[in-house]
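Peer 1: Handing you this structure, nothing more for now.
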Amino acid sequence: MARIKELDTIVTLADQMQTEEGPVVLINLFTVDAEDEKALLRAWAHDVDFMKSQPGYISTQLHQGIAGSSTFVNYAIWQNVQSFRDAFTHPEFQRRIADCPASAVARPHLLRKLAVENHCVA
């Protein structure tokens, strides 16, 4: 099972899941031992199969660090915090994340898009 660590030491994922806003983006930074990469990818795909069927799920994309890095970033878009919370706390999802390799460390955090004039839109 993956260990979960906070990406932000001030505002936890549990704190974030108490809010009611949306849309939101889940950023989940994973690290894993190199020999467990394939097992992590299998577990991640299995988890996403569940998430894709949940109300409020929009999309996801997984990225891996280059040059032999065993760091991965998952970027998932949800309609709102409640949809993410319901899916994340669902007993089936909690059962599935137990299949992650023991060396995996996940650092999930919820974010919102920002508008920055002349650079990006919300």
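Peer 1: For the subset of segment 40-82 comprising residues that are surrounded by 14 or more Cβ atoms within 10 Å (Cβ to Cβ) and of a type in the set (S, T, Y), which member is farthest from I27 (Cα to Cα)?
Peer 2: Among those that are surrounded by 14 or more Cβ atoms within 10 Å (Cβ to Cβ) and of a type in the set (S, T, Y), it is S70.
Peer 1: Could you grab me the full set of residues in segment 65-98 that are in contact with a strand residue (DSSP E or B) (Cβ under 6 Å, 6 or more places away or on another chain) and not polar (S, T, N, Q)?
Peer 2: Hits for segment 65-98 are G65, F72, V73, Y75, A76, I77, W78, V81, F84.
Peer 1: Can you pull out the residues in segment 94-115 that are within 18 Å of G22 (Cα to Cα) and among the aliphatic types (A, V, I, L, M)?
Peer 2: Scanning segment 94-115 gives L110, L111, L114, A115.
Peer 1: Might you let me know whether segment 14-26 holds any residue that is without any contact (Cβ under 8 Å) to a residue 60 or more places away in the chain and either among the β-branched types (V, I, T) or in contact with a Gly (Cβ under 8 Å, 6 or more places away or on another chain) (or both)?
Peer 2: No; the residues of segment 14-26 include none that is without any contact (Cβ under 8 Å) to a residue 60 or more places away in the chain and either among the β-branched types (V, I, T) or in contact with a Gly (Cβ under 8 Å, 6 or more places away or on another chain) (or both).
Peer 1: Please specify each residue of segment 97-122 satisfying the condition of being outside any loop (DSSP other than H, G, I, E, B) and farther than 24 Å from A45 by Cβ. Full working, then the answer.
Peer 2: Initial filter on segment 97-122 (outside any loop (DSSP other than H, G, I, E, B)): 97, 105-111, 116, 120.
V116, C120 - these are the residues of segment 97-122 that are outside any loop (DSSP other than H, G, I, E, B) and farther than 24 Å from A45 by Cβ.
Yes or no, residue by residue, for (1) within 18 Å of K113 (Cα to Cα); (2) out of contact with any Asp or Glu (no Cβ under 8 Å at 6 or more places or on another chain); (3) modelled with pLDDT of 95 or more:
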residue	(1), (2), (3)
R3	no, yes, no
M17	yes, yes, yes
T31	no, yes, yes
D36	no, yes, yes
H63	no, yes, yes
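Peer 1: Turning to a different aspect of this structure: Filter segment 103-118 down to residues that are farther than 13 Å from I4 by Cα, surrounded by 13 or more Cβ atoms within 10 Å (Cβ to Cβ) and among the charged types (D, E, K, R), then give me how many there are.
Peer 2: Number of matching residues: 0.
Peer 1: Out of segment 73-102, which residues are touching a Ser or Thr at 6+ places or on another chain (Cβ under 8 Å) and within 24 Å of R3 (Cβ to Cβ)?
Peer 2: N74, Y75, A76, V81, listed by residue number.
Peer 1: Another question, if that's okay. How many residues are buried (at least 18 other Cβ atoms within 10 Å of the Cβ) and in contact with a Leu (Cβ under 9 Å, 6 or more places away or on another chain) when one looks only at segment 26-39?
Peer 2: Number of matching residues: 4.
Peer 1: Using beta carbons and a limit of 7 Å, which pairs, at least six apart or on different chains, have the first residue in segment 30-58 and over 24 Å from T71 (Cβ atoms) and the second one modelled with pLDDT of 95 or more and basic (K, R)?
Peer 2: none
The values are calculated or read from the model by the stated rules, or taken from the named source; none is laboratory data. All of these numbers come straight from a predicted model, not from anything done at the bench. For neighbour counting, all protein chains shown are included, and Cβ atoms are generated from backbone atoms with ideal geometry for every residue, glycine included.
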